[in-house]
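The values are calculated or read from the model by the stated rules, or taken from the named source; none is laboratory data. Model, not experiment: these values are computed from the prediction. Here the Cβ is made from the backbone with ideal geometry for all residues, glycine too, and neighbour counts use every protein chain on show.
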Amino acid sequence: MPSLEPQRPGRIPQPPWGAYTPPLPGRALHGLARLGMARGPVKRALRRAWRTAVGVGPVDIVHRGLRLRLHPFDNTIDAKILFGSRPRERVELGCLARLPRRGLFLDIGANCGYYTLMACALGYERVIAVEPNPLMQERLRFNVEANGLESRVTVLPCALGASEGRCTLSVPAGTDVDLGGASVLPDQERMGPTESRWTVEVPMRTLADVLAEARARGLDALKIDVEGAEDQVLCGFVRTAPSRLLPRLVILEHVNRARWREDVLDLLAARGYGPVARTRANTVLRLDATPAGAPG
């Protein structure tokens with residue numbers, strides 16, 4: 001069974017956090033975004049102005065008390081953090097903050113580590129961050145290390161799915177892409193316009209095996225965003241897992257629900273989950289919760 005502390009040969013050295021502090025024009029544009037002006041056309045204008053004044057490279061900022069190195073022109077989440085006015089995932093993180101016990105948090109599709117770092121900031125004692133994209137793994141590790149959280153965060157460089165083995169990860173290529181859109185789904189199962197992609201073979205593990213190797217006695221919260229493969233990761237586990245391993249809170253991206261072969265939301269409801277919040281991108285469910293809109 002693969003180790004939860006994987007070897008990391010060939011890591012590309014990165015300059016320390018702060019090496020890409022934005023110049024004055026960038027700080028001014030970021031300040032405008034923070035004032036609440038960055039919505040719709042204004043947000044797009046700020047992005048264009050940043051490209052002209054600062055460029056398209058990485059940028060180091062402090063966001064909600066966390067040190068982040070962002071790549072806003074090839075990762076959508078990074079762009080939303082840098083150019084957006086609203087606190088990212090405010091509703092979802094509020095639900096995480098309200099859990100009375102904050103032990104183990106599992107971040108499936110960790111991307112640059114935003115949820116991973118925020119979970120640590122909210123007091124979660126241990127985080128397992130799963131990210132199959134080799135490019136995003138390095139960015140995730142950098143952000144974890146920039147905040148001194150190596151002792152609390154385990155980065156797993158793999159995909160999760162219905163079985164153990166290997167799979168093909170398809171990653172967007174070109175300019176102005178979203179590296180967070182990497183997917184293990186075959187081409188015919190992905191929706192949206194055809195785009196240039198490159199592929200890489202990555203390990204695939206099951207959620208049950210990851211938790212077994214982590215010797216998890218319980219799972220407090222889980223966030224999953226895997227570009228339409230959420231059913232492949234969760235359904236087998238939710239159907240067969242003992243009650244003690246079911247996460248008390250699930251943050252589930254639902255925007256790719258049409259790609260699911262089995263409805264994860266229906267299965268979670270059958271095991272006692274009720275929705276406590278819903279945003280444009282995610283449904284937040286709590287075990288044994290009173291469904292939203294239901295009496296008392």
When you look at Gly228, is it in a loop (DSSP other than H, G, I, E, B), surrounded by fewer than 16 Cβ atoms within 10 Å (Cβ to Cβ) and in contact with a strand residue (DSSP E or B) (Cβ under 8 Å, 6 or more places away or on another chain), yes or no? no
Residues of segment 25-50 being free of Cβ contacts under 8 Å to residues at least 12 places away in the same chain and not β-branched (Val, Ile, Thr), in sequence order, are Arg27, Ala28, Gly31, Gly40, Pro41, Arg44, Ala45, Arg48
Residue check, Glu138 without any contact (Cβ under 8 Å) to a residue 12 or more places away in the chain and not in a loop (DSSP other than H, G, I, E, B): no
If a residue must be exposed (fewer than 15 other Cβ atoms within 10 Å of the Cβ), of a type in the set (D, E, K, R) and over 21 Å from Arg217 (Cβ atoms), how many such residues does segment 240-261 contain? 1
What number of residues within segment 252-271 are outside any helix (DSSP H, G or I) and over 19 Å from Ala241 (Cβ atoms)? 5
(1) in the same structural domain as Asn147 (by TED's automatic domain parsing); (2) touching a Cys at 6+ places or on another chain (Cβ under 7 Å) all hold for Asp78 apart from (1)
Scan of segment 141-179 for residues that are of a type in the set (A, V, I, L, M), over 15 Å from the mean Cα position of the chain (by Cα) and not in a loop (DSSP other than H, G, I, E, B), ordered by number: Ala146, Leu169, Val171
Pairs returned, first residue in segment 227-255 that is on the phi > 0 side of the Ramachandran plot and touching a residue at least 40 places away in the same chain (Cβ under 8 Å), second residue that is of a type outside the set (Lys, Arg) and part of a loop (DSSP other than H, G, I, E, B), beta-carbon separation under 6 angstrom, 6 or more apart or interchain, are Gly228/Leu185; Gly228/Asn256
Hey, does segment 51-65 have a residue that's among the basic types (Lys, Arg) and either without any contact (Cβ under 8 Å) to a residue 24 or more places away in the chain or closer than 22 Å to Glu230 by Cα (or both)? yes
For Pro275, state whether it is in a strand (DSSP E or B), in contact with a strand residue (DSSP E or B) (Cβ under 8 Å, 6 or more places away or on another chain) and not hydroxyl-bearing (Ser, Thr, Tyr). yes
Inspect segment 180-191 for any residue being assigned by TED's automatic domain parsing to the domain that holds Leu234, in a helix (DSSP H, G or I), at pLDDT 85 or above and not charged (D, E, K, R) and give the result as yes or no. yes
Qualifying residues in segment 15-24 (those that are in contact (Cβ under 8 Å) with a residue 40 or more places away in the chain and among the hydrophobic types (A, V, I, L, M, F, W, C)) - the one nearest to Ala121 (Cα to Cα): Trp17
